[in-house]
Structure formats: structure tokens, C-alpha cells
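Inspection log for the structure reproduced underneath, given as C-alpha cells.
The values are calculated or read from the model by the stated rules, or taken from the named source; none is laboratory data. This is a predicted model, so every value here is computed, not measured. Cβ placement follows ideal geometry from the backbone for every residue including glycine, while neighbour counts extend to all protein chains displayed.
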Amino acid sequence: MNRAHIGLALLAALLLALPAFAGSYALSVATLILYFAYTGQAWNVMMGFAGQLSLGHSLYVGVGAYAAGAIFFHYGIGPWAGLWVAILLCVALGMVIGFLAFRFGISGVYFALLTIAFAEFTRIGFDHFDWVGGPGGLFLRVAQRDTWDIAAFRGPPLMYYYTMLVLTGGAFALCSFLLKSRAGYYWQAIRENEEAAQALGINSFRWKMYAVALSSAMTAVSGVFFAFYYNNLFPEQIFHISRSIEIILGPIIGGVGTLFGPILGAAVLTLLSDGITDLLAALGWEFPGIKQVFYGVVLLLVVMFLPHGIWPPLARRLGLSA
Amino acid sequence: MAPELILNVTIAGVLGGLVYGLMALGLSVIFGVVRVVNFAHGEMMTIAMYAAVVLFAALKLDPFLVMLPVGAAFFVFGYIMQAGFINPFITRPEHSQFMLLVAVAIIMVNALLVVFGPDARNVQVDYQLESFEIGKLLLDKARLYAAIAALVAAAALFAFFKFTLMGKAIRACADNYMGAKVVGLDVKHLYALTFGLGAVCVAIAGCAMVLLVEVTPALGPAYTLLAFVIVIVGGLGSMPGALLGGVLIGVSEALAGLFIAPSAKSMFSFGLLILVLLLRPQGLLGKKA
């Protein structure tokens, strides 16, 4: 046991016990933090590990959410089956985008813009896709919220909190395993210098595809959660580029490529956004846009003064390795 | 459908597309030299549009008259933005640059929202509803003037890069960063100058655009995406490519609005973008990397 393990164990215990002393509002904030932590971790696999900048991850959240949501809405098929449909669809989509991009040697800024284009294309497509409600949205039946019905993924807020906690913990464990495995070393080699990695015999095309597949599969799960947690889906909301930005702010603020960065970043940003709301309410400054101005200023300061995110310098301060 | 209608819509698309092209030209020039993608480009465009709206409302100044003063202000603004904020980021990874400009964009959009509220604003000049009639063709006056202004501004920028020593120096920085430093060029200053010139393109395009559409703060991100689509289609870093891309997108939007549904129009732009990225990733007029 070193300090990192002790810290992690304490954090896990705290999060497991949180519902015992948190109110319903705090619990919903915690669920949101975990949602962003998990989704950020999924994005981090592609960008932080393999170096492929995706600015269109809302695509996988949206397609995952709509896939599971639509088959539940139309055929009454529950989320456990829908989950696999969502994952398969998102992985297929990710592989198509990855195949097209990597085959044609598209990387860096061009790859990022390609991912935005696919997400936006899909957003507008879903606006005209009447089977899932078009711009009017898709609404899932809301069942009673007091008993745990795990088979139908219906239950009290507590159930959603623990689901997100398990997902975030699982993703953390998976990523920390991967980072120390052959895959992790290959990805990092590709991220640092793709030509050198290829010269050493790494099939960079194949390993980038694996990263995309894993990242899109993990993000699809976020989408399914989103559908059954919020019960309403609108293309304008779920596929919008600002959703993609929201997903990636956490890991970037926390520390790209680090294991703990996405979790820390999600917590910092969600609490910051909440804190600004409270502060402005206390000051009586409640006109539209003012909150986001402050949020933007904080982002600007963080990115200017902490180029690697919050976690790496903090980890050094705590005597841990990032 | 009457062929005159299709032709008229196409012409309107070409004219509006030239204004898009000028906006995208700013993005393309900045990327071509500084190698930073300006994710706050559309937001800068909406600021210029609001500047024109405010000057019109307060002083009854025609948007064409305020192009030069707004352009000058944007030049200073762009220079400071590059020299003060972006320059330390040019050696940082792309996601870091992206974050910086996204933060700037968030501040811009929401500052506009705070100041002007979410309602649409516009300018009303007497020639807006007039048009030139050439046989069955109708040329919307405001649109035609806007397109001419965009062409003149683009031509001036071409001439600057082609014929002035400063322009040559900037092109040298774009070609070879290290080489430019070695021969003693003040790269930081030239980068800031380039960003300033990109901002001038945006300012002029913004002043022209208020004659064609109403402005809301939410237009910013949409214009940023539009500018990306245009420069990728035309070729990121290629100046004629940006204008060509603007016209292509303008026409495809206009025709999609006519034949399918106005709400589906940007789907075609993104579809075109995906096709170009896959078949000719350097863009229609871009040079092979």
C-alpha cells in the first residue's frame, strides 16, 4: 500500500457512503460529476492515451442514448438489451470514422474537425428523423421512482448514483490496467511520435482503431445512462457541439492522459459552475449569460496558468505520481 | 420549379457565399501562418455584427461606412489577442490551444448575451428591399453590395500578401518558422499582425452580414462551424480556396433551402465537408501537405 492506494481507498469509501449524509440535491450533483468523470475518462482513452483529438464525442452519447431509448420506446425492450445495441452502433460508427480518417492519413486538427462534422451531421439528421421524434424529442415513460427495478433500470436517484459510481470506478480500473499494459504503451508511443512508433513495428492504424472502438463503446454506455436518467432526448441538446465541449473540458482541466484528471476535472468544473450560480444569486446578478462569462474566465485562467491541467501539479504536491 | 427561381436563388447563394468566404478567409490566413485554429472565429464575427448594429442604431451610420473603423478596431483587438493570449500557446498541443480559444469563445458569446440579450437585432436601410432587375434576374442590392465589399477586401488582402515586403515576411514565417527566425524576422510581431488581419476580414464580413441576416449571440458558434467547413472544403491555409469554399457553401445552402428544407441546409455543408475530408483532405485548392 502506498499513498496513492490509501487516497483512492479513502475516496472510494467516501463516495460509497455519500448518500448516507448527502441530500437529494447534493446526490444529483454527485451523479452529474460522476457522469462527466466517466464520459471524460472514455474520451481520455482516445485523446489522452492514443493522442487522437475528438471534438465530437456527443455523437456517441447521442447515438447510444437514442438507440437504447428508441427501442425501449417503440418495442418496450429494456436498457440491458438496448445497451448492447447502443454499444454495437457506436463502435461501428467510431470504426467507420476512424477507418476513413486513419486510412486517409487525417490527423490532428483535421481529425478533430472531421469528428465535429460527423456529430453535427448526425444532429441535423436526427432533427429530421421522425421515427425518434425529430426536433420534438423522444420521451421515455417515467415509472415510479421508489423501488429499485434493476432489470428495467428504473429506481430512485440513489440507484443512478451507484450505477455511475460503479461505471466511473470500473472505467478507472480498466484505464489504469490498460495504461500499464501493452496497449497503453503502444498508444502512448503513437501519441508521442507516430512515425517512430511505426518504425518500431507498431501497427498504428490498428491500435488507433482499438482506441476509437473502446472510447466509443464506453461513451455509448454514458448515452444509455443519459436516456434512462433524464427520460427525454432532443437532438438539439444531446448532439450539440457544446455537449462535446462539456465532455472534454473535465479531462483537459483535470489533466489529459492522466487517470485521475477526468475525475478531478469533472468535480472541479461541476462544483465551480454550481458555486458561480450560488455566488451570482447571492449578489443578485441574475441575467442570462453572466454565469458563463465567469465560467469562461476561470477556464481561461486555468488553461493559461496550468498547461497540463490541475492534477499533475497537485499530484506532485501530494507526493504522488500522476 | 421555374428555372428563373433556381437561378435567382443560386445567385443569391453566390453573393452571400462571398461574404462567408471573406469570414473564412480570416480563419484560413490565421491558420496558414500561425497554425492555430481560431475556435472563436464566429464569435468575433457576431461581435463585429453587433458593432455595426450599435453604430447604426446610435449614429445612423450605414454598415458600409463603418467597415473601416470597425476593421481598424478589430485589427488592434486581434493583434492584442495574438500577442497577449495566443502566442504562448503556439508551441502547446492542439487540445490546449483549443481550450484557450473555447474559453475566449464562451466569454464572447455570453458577454454579448449579457449586454444585448437573446433577441435578434438588425439594421434597416432603404436599399435593403430594392433590387436590380436584369431581364428575369433579380439582384438584391444589399446582397450585391455586400459581395462587392467582400471581394474588394479579399483582393486587398491578396495584394498585401503578394506585393508588400511585410506580406512577404509573413509568408516566410508561414513557410518556415525556424528559417524566418534565423533571418531575423520578428515572428511574434508578424504573427500578431496576421491575427489582426484575420480579424479585419471578420470585421468587414460581419458589417456586410448584418445587411443580410439578423444577429443573435447564438450565431457565434454556428459561424465558427461554418467557417471551419468552408476552409476545409476550400483548403485550410489557401486564400482562393476560402472564397471558393464560401461560394460553394453559400450556393449549397441556398439550393438546399429551396429544394429540401431550410433547416436541413447545414446538413449539406457538413456532408460536403465529410466528403472533401475523405477524398481530398487538403481541400479543393489546398496544397498536398
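Does segment B:196-213 contain any residue that is in contact with an Asp or Glu (Cβ under 9 Å, 6 or more places away or on another chain), within 25 Å of B:A51 (Cβ to Cβ), without any contact (Cβ under 8 Å) to a residue 24 or more places away in the chain and crowded, with 17+ Cβ neighbours inside 10 Å?
The answer is no, given that none of the residues of segment B:196-213 is in contact with an Asp or Glu (Cβ under 9 Å, 6 or more places away or on another chain), within 25 Å of B:A51 (Cβ to Cβ), without any contact (Cβ under 8 Å) to a residue 24 or more places away in the chain and crowded, with 17+ Cβ neighbours inside 10 Å.
Would you confirm, using the coordinates I've provided, whether B:K168 is basic (K, R) and either in contact (Cβ under 8 Å) with a residue 40 or more places away in the chain or within 28 Å of B:V70 (Cα to Cα) (or both)?
For B:K168, the condition - basic (K, R) and either in contact (Cβ under 8 Å) with a residue 40 or more places away in the chain or within 28 Å of B:V70 (Cα to Cα) (or both) - is met.
Can you find, within segment B:59-68, the residue that is surrounded by the most Cβ atoms within 10 Å (Cβ to Cβ) among those that are in a helix (DSSP H, G or I) and free of Cβ contacts under 8 Å to residues at least 12 places away in the same chain?
Here the residue is B:L65.
Can you tell me which residues in segment A:120-151 are assigned to a loop (DSSP other than H, G, I, E, B) and within 14 Å of chain B (Cβ to nearest Cβ)?
A:H128, A:F129
With the checklist (1) buried (at least 20 other Cβ atoms within 10 Å of the Cβ); (2) in contact with a Leu (Cβ under 9 Å, 6 or more places away or on another chain) in hand, flag the one item A:Y186 doesn't pass.
(2)
Which residue is farthest from B:P262 (Cα to Cα), if the candidates are limited to segment A:102-114 and must be among the aromatic types (F, W, Y) and facing chain B (nearest Cβ under 10 Å)?
The residue in question is A:F104.
Condition first: more than 9 Å from chain B (Cβ to nearest Cβ) and either out of contact with any Gly (no Cβ under 6 Å at 6 or more places or on another chain) or farther than 18 Å from B:F270 by Cα (or both). Now tell me which residues in segment A:239-249 satisfy that.
Of everything in segment A:239-249, those that are more than 9 Å from chain B (Cβ to nearest Cβ) and either out of contact with any Gly (no Cβ under 6 Å at 6 or more places or on another chain) or farther than 18 Å from B:F270 by Cα (or both) turn out to be A:R243, A:E246, A:I247.
Within segment A:3-56, which residues are free of Cβ contacts under 8 Å to residues at least 24 places away in the same chain and not in a helix (DSSP H, G or I)?
A:A22, A:G23
Which one is surrounded by the most Cβ atoms within 10 Å (Cβ to Cβ), of the residues in segment A:250-260 that are under 16 Å from A:G51 (Cα atoms) and within 12 Å of another protein chain (Cβ to nearest Cβ)?
The qualifying residue surrounded by the most Cβ atoms within 10 Å (Cβ to Cβ) is A:P251.
Hey, among the residues in segment B:232-266 that are within 11 Å of another protein chain (Cβ to nearest Cβ), part of a helix (DSSP H, G or I) and under 30 Å from B:V34 (Cα atoms), which one's modelled with the highest pLDDT?
Once the filter is applied, the top-ranked residue is B:V233.
Here's the yes/no breakdown for (1) out of contact with any Phe, Trp or Tyr (no Cβ under 9 Å at 6 or more places or on another chain); (2) under 18 Å from B:G26 (Cα atoms):
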residue: B:R121; (1), (2): no, no
residue: B:A150; (1), (2): no, yes
residue: B:K168; (1), (2): no, yes
residue: B:L185; (1), (2): yes, no
residue: B:F195; (1), (2): no, yes
residue: B:A199; (1), (2): no, yes
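Please pick out the residue among B:V229, B:V182 that is over 30 Å from B:A57 (Cα atoms), aliphatic (A, V, I, L, M) and within 14 Å of another protein chain (Cβ to nearest Cβ).
Selected residue: B:V229, the only one of B:V229, B:V182 that is over 30 Å from B:A57 (Cα atoms), aliphatic (A, V, I, L, M) and within 14 Å of another protein chain (Cβ to nearest Cβ).
Conditions tested, residue by residue: (1) among the polar types (S, T, N, Q); (2) over 20 Å from the mean Cα position of the chain (by Cα); (3) more than 22 Å from A:F287 (Cα to Cα).
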| position | (1), (2), (3) |
| --- | --- |
| B:A51 | no, no, no |
| B:G78 | no, no, yes |
| B:A83 | no, yes, yes |
| B:I90 | no, yes, yes |
| B:S96 | yes, yes, yes |
| B:V104 | no, no, no |
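In segment B:97-127, which residue that is in a helix (DSSP H, G or I) and modelled with pLDDT under 90 is nearest to the other protein chains (Cβ to nearest Cβ)?
B:M99
Rundown of residues vs (1) under 30 Å from B:R92 (Cα atoms); (2) part of a helix (DSSP H, G or I); (3) hydroxyl-bearing (S, T, Y), yes/no style:
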{"residue": "A:G64", "(1), (2), (3)": "no, yes, no"}
{"residue": "A:A70", "(1), (2), (3)": "no, yes, no"}
{"residue": "A:I77", "(1), (2), (3)": "no, no, no"}
{"residue": "A:W84", "(1), (2), (3)": "no, yes, no"}
{"residue": "A:V96", "(1), (2), (3)": "yes, yes, no"}
{"residue": "A:I106", "(1), (2), (3)": "yes, no, no"}
{"residue": "A:V109", "(1), (2), (3)": "yes, yes, no"}
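Condition first: within 14 Å of another protein chain (Cβ to nearest Cβ), under 27 Å from B:N87 (Cβ atoms) and touching a Gly at 6+ places or on another chain (Cβ under 7 Å). Can you find one or more residues in segment B:207-221 that meet it?
yes
Right, B:L285: touching a Ser or Thr at 6+ places or on another chain (Cβ under 9 Å), assigned to a helix (DSSP H, G or I), at pLDDT below 90 and surrounded by fewer than 22 Cβ atoms within 10 Å (Cβ to Cβ) or not?
Spelling it out, it is not the case that B:L285 is touching a Ser or Thr at 6+ places or on another chain (Cβ under 9 Å), assigned to a helix (DSSP H, G or I), at pLDDT below 90 and surrounded by fewer than 22 Cβ atoms within 10 Å (Cβ to Cβ).
B:G78 versus (1) at the interface with chain A (Cβ under 7 Å from one of its Cβ atoms); (2) buried (at least 20 other Cβ atoms within 10 Å of the Cβ): which is the lone unmet condition?
Tallying (1) at the interface with chain A (Cβ under 7 Å from one of its Cβ atoms); (2) buried (at least 20 other Cβ atoms within 10 Å of the Cβ), B:G78 fails exactly one: (1).
Taking segment A:86-101 on its own, how many of its residues are surrounded by fewer than 19 Cβ atoms within 10 Å (Cβ to Cβ) and either within 18 Å of B:L275 (Cα to Cα) or at the interface with chain B (Cβ under 8 Å from one of its Cβ atoms) (or both)?
4
Please go through segment B:42-58 and pick out each residue that is surrounded by fewer than 24 Cβ atoms within 10 Å (Cβ to Cβ) and out of contact with any Leu (no Cβ under 9 Å at 6 or more places or on another chain).
B:A51, B:V53, B:V54, B:F56, B:A57, B:A58
Does A:A117 count as buried (at least 19 other Cβ atoms within 10 Å of the Cβ) and either modelled with pLDDT of 85 or more or at the interface with chain B (Cβ under 8 Å from one of its Cβ atoms) (or both)?
So A:A117 fits the description; yes.
Name, by its number, the condition in (1) assigned to a helix (DSSP H, G or I); (2) farther than 28 Å from A:G169 by Cα that does not hold for A:A211.
(2)
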